[in-house]
Amino acid sequence: MQVVEVLIEYAKSSLNRPFSYFYNGNKKLKKGIRVLLDFNHRDIIGYVVKVEETNKSIDQYEEEKGFSISEIKDVIDDEPLLNEELLSLLDEVSSYYLVPKISVLQSMLPPSLSPKKTSLKAPKIAYDQYLEVINDDESDLTNKQIELLRLIKNDGRILKRDVKSPSIIEKLLEKQRIKIVKEEKRRLKIPDYKYSAPPKLSDDQNKVIDEFNNSNDLVYLLEGVTGSGKTEVYLSLSEQVLKQGKSVLMLVPEISLTPMMVEYFLHRFQNNVAILHSELTPAEKYDEYRKINHGDCKVVVGVRSAIFAPLRNIGLIILDEEHTESYKQDNLPFYHAREVAIMRAKYNNAKVLLASATPSLESRARGQKGVYHMLYLNKRINNQKLPTTKIVNMLDYKNIDRDSYIFSHALRDALHITLAREEQAILLINRRGFSTHVTCRNCGHVFKCPTCGIALTYHKRDNMLKCHHCDYVEPMQEICPDCGSSYLMKTGFGTEKIEEEVKRLFPSAKTLRLDSDSAKNRNKIPETIEAFRKKEANVLIGTQMIAKGHDFPDVTLVGIVLADIGLSMPSYRSNERAFQLITQAIGRSGRKDKPGTAIIQTYLPSHYAITFAARQDYELFYRKEMEMRKLQFYPPYAYLASVTLRAKNEENLIENTYQVVDFLNDEFGDEGQILGPSTPYVPYDMGYHLRNILVKYRDPNKAHQILEKMQQLFAYNSQYELLINIDPYNF
Ligand code: ADP
Ligand code: ZN
Ligand code: ZN
């Protein structure tokens, strides 16, 4: 019999250990296949991590080991799902992030192959059936049959479903003149792109490429201002890597927001490109995954999870907009694509290229120390100027348009001029919806989300109150549920309100809105971006989504309606986020030949995140923010880990959390700072109470040992769940 150790699907971190099962069937089990199991009378899927052959009987085996084992119900796969590299990556990621292996596995594999129960109903391979001639002898064939035989012969092969008369096919098959050839079908429909040759590279681009090629360093950070032609650098380097017979992994923050990047890659590399992102259907993902796995596509363009694509012999991994927070998964397994990229690059002997106009502080600091190799593109292509910017102090009432408390004179005038010139404008407000709070004027009741406890946002278009943290929605109410008063007040504003305001002030303006409300519909984002590019509208209003790498040639005005929103968030990264957002947004202005303008409205006109963003001066911001981080002992001067406890019973939770805090204080001593326990910004999670502990430390190796010990002591507990997040962002 064969005895296997399996990892099982079960979210709880306490099950991060393999279970033993035996198998008496006649298949030869391998490490890396899935099996069907019975676990407490439920069917679940297990992932085999170890196989042992034994001559012993079950009784002997159980007696020897001292525990009882059950039998595998069914074997799902014949071949292992992961190659050697990915298997070792699985171990590495799981041990670096101190997360269950099964959670890493579930991120690595497409849903249809994942060790989850639902994957059993997953899509199967789809085939196209082709007809091919095996014998072109035309004797004893009817004229119709001859016609088809010649057609197939001339074309080499034709799709079976393209032939109108199945009966003639049947006859030709019967008479053994043709055969059916099955071929795997790719369900993701990608239009045929013509090859487009690269433009002549600028001197700056060539310099960056040469420096990259002449170095043997592992990780590079390309700091290139907006519009400096970074994409062309990615394409040229990728082309070289492919010529060496190696493969390329190109990560982007979000595909629907950056369709241009995919198009550039498709134009240059055509059907050598596979695409992986969250909007694909499970069937499409499955096909793309297999194409990569078979080596049919050597270039993968995808989002965070594509970092696990089963590419072999990787030569280059690129992270565009490397500062983007979506590269960090904020639930299990909490990995960051950049760290995983570095792990894979080491294994493959490849290079990692990180790039951004506004690199994350931790990457830039590593660049400073020489851990990453710095590369620069300091000028826009063809030396176009960066936009002229103006900061408007909204505390000074003289600056504010009397007709509209949202617009300043400056922004209203600039918008007027832009529209008169038939150019385009982008208005950014990093908050969707209409009003941010609804409160009762009589009793002070605030409408809050019952599942996570944060204030609900009013959305006018569908007259609903929505939680911006979870999916909770409820219809807007006319009276206060506490006191029955009808004096309900809506305060704050978001994208919906701005759109209404633009329409009121500029009745002839054509507006489009882009925020995650629009993202509810699969095709809405690319459609909106395309419509704006085609100039079907002249004002685009949106959240941070519109600040991403878009290249709209006719945008000459960017208005930041309220720059302060991010700054008030309780996070050590809030200055960095605000700076990045404003800089990226301003960078959308004046990218082609017309000069651009940007207007920044704020209640904090002298905050350095805002003033340096207005000057588009990343380096000054970097230096100032580094001083702040040093003072406050935050990354990159410290490392962080957060520990979250989650339980139904709040009293127990508090007590348990203090035990963990005491443990950490004892273990870390002077070598770390333990903050908390604190109640998170979002205090509940589906009926569970949450408490956070933040650990700051200098020595990641030492901390890793302590955290592992903590996990062993406290995680295997039935009263609460304990989650560790290494390098967390929201603190
Ligand atoms: P970034 O990503 O640095 O913001 P892009 O890669 O979008 O900048 O490039 C900005 C613009 O310059 C794009 O329209 C791009 O097609 C164009 N461009 C890039 N490189 C060249 C080149 N060598 N010659 C001409 N145009 C270029
Ligand atoms: Zn009330
Ligand atoms: Zn909620």
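The values are calculated or read from the model by the stated rules, or taken from the named source; none is laboratory data. Every value quoted in this text rests on a predicted model; they were computed, and no experiment measured them. Neighbour counts are summed over all protein chains in view; Cβ atoms, including those assigned to glycine, are modelled from backbone coordinates with ideal geometry. Quick note on the areas: whole protein, heavy atoms, side chains included, nothing else; ligands and nucleic acids left out. Shrake-Rupley method; radii C 1.70, N 1.55, O 1.52, S 1.80 Å.
So the values come out like this:
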read-out: Strands (runs of 3 or more DSSP E) contained in the stretch 381-444 and holding at least 2 residues within 16 Å of ligand 1 (Cβ to nearest atom) and surrounded by 15 or more Cβ atoms within 10 Å (Cβ to Cβ); value: 424-428
read-out: Of all residues in the stretch 273-309 being more than 20 Å from Asp192 (Cα to Cα) and among the β-branched types (Val, Ile, Thr), the one that is modelled with the highest pLDDT; value: Ile307
read-out: Any helices (runs of 4 or more DSSP H) falling wholly within the stretch 34-108 and containing at least 3 residues that are at pLDDT 90 or above; value: 84-97, 101-108
read-out: Residues satisfying the stated conditions in the stretch 638-658, i.e. in contact (Cβ under 8 Å) with a residue 40 or more places away in the chain and over 15 Å from Glu721 (Cβ atoms); value: Ala638, Tyr639, Leu640, Ala641
read-out: Conditions (1) within 14 Å of ligand 1 (Cβ to nearest atom); (2) open to solvent by less than 10 Å² (accessible area, probe 1.4 Å): number failed by Val248; value: (1)
read-out: Among the candidates Gly245, Gly229, residue that is within 30 Å of His323 (Cβ to Cβ) and either charged (D, E, K, R) or away from ligand 3 (no atom under 16 Å from the Cβ) (or both); value: Gly229
read-out: Any chance Ser574 is hydroxyl-bearing (Ser, Thr, Tyr) and out of contact with any helix residue (DSSP H, G or I) (no Cβ under 7 Å at 6 or more places or on another chain); value: no
read-out: Sole exception among (1) part of a helix (DSSP H, G or I); (2) in contact with a Leu (Cβ under 6 Å, 6 or more places away or on another chain) for Thr644, by number; value: (1)
read-out: Complete set of residues in the stretch 659-679 that are more than 34 Å from the chain's Cα centre (by Cα) and not acidic (Asp, Glu); value: Gln659, Phe663, Asn665, Gly669
read-out: In the stretch 555-595, the residues that are within 20 Å of Leu411 (Cα to Cα) and surrounded by fewer than 24 Cβ atoms within 10 Å (Cβ to Cβ); value: Leu562, Asp564, Ile565, Leu581, Arg591, Lys594, Pro595
read-out: Selected residue (only one of Leu81, Leu89 is within 25 Å of Tyr289 (Cβ to Cβ), surrounded by 13 or more Cβ atoms within 10 Å (Cβ to Cβ) and in contact with a Gly (Cβ under 9 Å, 6 or more places away or on another chain)); value: Leu81
read-out: Residues of the stretch 128-168 satisfying the condition of being of a type in the set (Val, Ile, Thr) and exposed (fewer than 14 other Cβ atoms within 10 Å of the Cβ); value: Ile134, Thr142
read-out: Within the stretch 193-206, considering residues that are open to solvent by 80 Å² or more (accessible area, probe 1.4 Å) and in contact (Cβ under 8 Å) with a residue 60 or more places away in the chain, the one nearest to ligand 2 (Cβ to nearest atom); value: Lys194
read-out: Scope the stretch 421-457; condition in contact with a strand residue (DSSP E or B) (Cβ under 8 Å, 6 or more places away or on another chain), within 16 Å of ligand 2 (Cβ to nearest atom) and at pLDDT 80 or above; matching residues; value: Val438, Thr439, Cys440, Arg441, His445, Val446, Phe447, Lys448, Ala455, Leu456
read-out: Search result, residues across the stretch 169-185 that are open to solvent by less than 50 Å² (accessible area, probe 1.4 Å) and of a type outside the set (A, V, I, L, M); value: Arg177
read-out: Residue satisfying all of: in the stretch 262-284; outside any helix (DSSP H, G or I) and either in contact with a Gly (Cβ under 9 Å, 6 or more places away or on another chain) or aromatic (Phe, Trp, Tyr) (or both); surrounded by the fewest Cβ atoms within 10 Å (Cβ to Cβ) among these; value: His277
read-out: The listed residue being farther than 16 Å from Leu354 by Cβ, among the basic types (Lys, Arg) and in contact (Cβ under 8 Å) with a residue 40 or more places away in the chain, out of Lys230, Lys246; value: Lys246
read-out: Spans of helices (runs of 4 or more DSSP H) in the stretch 485-595 with at least 2 residues within 21 Å of Thr324 (Cα to Cα); value: 524-533, 574-586
read-out: Elements of type strands (runs of 3 or more DSSP E) contained in the stretch 653-731, each with 1 or more residues being open to solvent by 30 Å² or more (accessible area, probe 1.4 Å) and aromatic (Phe, Trp, Tyr); value: 688-697
read-out: Residues satisfying the stated conditions in the stretch 306-335, i.e. assigned to a strand (DSSP E or B), surrounded by 23 or more Cβ atoms within 10 Å (Cβ to Cβ) and in contact with a Phe, Trp or Tyr (Cβ under 6 Å, 6 or more places away or on another chain); value: Ile318
read-out: Count of residues meeting criterion [of a type outside the set (A, V, I, L, M, F, W, C) and either farther than 30 Å from Val539 by Cα or within 16 Å of ligand 1 (Cβ to nearest atom) (or both)] in the stretch 445-462; value: 5
read-out: Qualifying residue in the stretch 466-474 (condition: without any contact (Cβ under 8 Å) to a residue 40 or more places away in the chain, assigned to a loop (DSSP other than H, G, I, E, B) and within 16 Å of ligand 2 (Cβ to nearest atom)); value: no
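Per-residue answers, yes or no, for (1) more than 26 Å from Pro680 (Cα to Cα); (2) away from ligand 3 (no atom under 16 Å from the Cβ); (3) hydrophobic (A, V, I, L, M, F, W, C); (4) in the same structural domain as Thr602 (by TED's automatic domain parsing):
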{"residue": "Glu423", "(1), (2), (3), (4)": "yes, yes, no, yes"}
{"residue": "Asn442", "(1), (2), (3), (4)": "yes, yes, no, no"}
{"residue": "Val446", "(1), (2), (3), (4)": "no, no, yes, no"}
{"residue": "Leu456", "(1), (2), (3), (4)": "no, no, yes, no"}
{"residue": "Arg461", "(1), (2), (3), (4)": "yes, yes, no, no"}
{"residue": "Cys470", "(1), (2), (3), (4)": "no, no, yes, no"}
{"residue": "Lys503", "(1), (2), (3), (4)": "yes, yes, no, yes"}
{"residue": "Thr511", "(1), (2), (3), (4)": "yes, yes, no, yes"}
